[in-house]
Amino acid sequence: MAGNENLETFRRLIELGFNEGNLHELDKLIAADFVEHQFLGESGPQGVKSLISQLRMAFPDLNMTIEDTVSSGDKVWARLRCQGTHKGPLMGIPPTGRKIDTSALEVCRFSRGKLVEHWGVPDRFAAMSQLGILPGPRRE
């Protein structure tokens, strides 16, 4: 049963937080001692809120679709499709107006119904290429 609860918490985090920008609900989903392993940002619920705010400022139409999930014990693994239009600054990059359509792999650990750890692998190279910041693949 815990696996299903963890999966539902993950789904709510993606839908409410990332897709809707509803930061008020995140305290119910993320533990106060949450640890982020993906980037050198702030941990805890405030770190996730900051990330979501930055992403939604850069991509106001951000939409993450959960394409695949596996849940076992205290962990959820997921493959996400991430789409949006670059209309705001992103890590010092001015808006390009271009659309991105990339993927991310996520591993989340839960305890007592809340997210306590996260590891993620977003396809940043594809996103940067789609924004015109990196050259695309060479075709011979």
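Only one residue in Ala58, Ala2 is farther than 30 Å from Leu131 by Cα, among the small types (Gly, Ala, Ser) and in contact (Cβ under 8 Å) with a residue 12 or more places away in the chain, so which one is that? After applying the criteria, what remains is Ala2. Within the stretch 1-22, restricting attention to residues that are part of a helix (DSSP H, G or I) and aliphatic (A, V, I, L, M), which residue is surrounded by the most Cβ atoms within 10 Å (Cβ to Cβ)? This residue is Leu13.
Glu106 meets the conditions (1) of a type in the set (Asp, Glu); (2) surrounded by fewer than 15 Cβ atoms within 10 Å (Cβ to Cβ); (3) out of contact with any Cys (no Cβ under 8 Å at 6 or more places or on another chain); (4) in contact (Cβ under 8 Å) with a residue 12 or more places away in the chain in every case but one. The failed one is (2). Taking the numbered list (1) more than 12 Å from the chain's Cα centre (by Cα); (2) outside any helix (DSSP H, G or I); (3) of a type in the set (A, V, I, L, M, F, W, C) in turn, Met57 passes all entries but (2). On the stretch given as the stretch 70-107, residues that are under 15 Å from Thr9 (Cβ atoms) and touching a helix residue (DSSP H, G or I) at 6+ places or on another chain (Cβ under 6 Å) total 2. Residue count for the stretch 70-86 under the criterion of being touching an Asp or Glu at 6+ places or on another chain (Cβ under 8 Å) and of a type in the set (Lys, Arg): the result is 2. Applying the set (1) surrounded by 15 or more Cβ atoms within 10 Å (Cβ to Cβ); (2) free of Cβ contacts under 8 Å to residues at least 24 places away in the same chain; (3) under 30 Å from Leu134 (Cα atoms) to Ile66 leaves exactly one unmet item: (2). Would you point out the residue of the stretch 81-97, among those that are more than 14 Å from the chain's Cα centre (by Cα) and surrounded by 14 or more Cβ atoms within 10 Å (Cβ to Cβ), that is nearest to Gly120 (Cα to Cα)? Selected residue: Leu90.
When Ala78, Ala31 are checked against the criterion of being over 14 Å from the mean Cα position of the chain (by Cα), at pLDDT 95 or above and buried (at least 17 other Cβ atoms within 10 Å of the Cβ), Ala31 stands alone in meeting it. Taking the condition of being among the charged types (D, E, K, R) and either modelled with pLDDT of 90 or more or under 17 Å from Phe110 (Cα atoms) (or both), how many residues in the stretch 34-53 meet it? Of the residues in the stretch 34-53, 2 are among the charged types (D, E, K, R) and either modelled with pLDDT of 90 or more or under 17 Å from Phe110 (Cα atoms) (or both).
The values are calculated or read from the model by the stated rules, or taken from the named source; none is laboratory data. Note that the structure is a prediction, hence the values are computed from the model and not measured. Quick reminder, even Gly has a Cβ in these numbers, built from the backbone with ideal geometry, and neighbours come from all protein chains shown.
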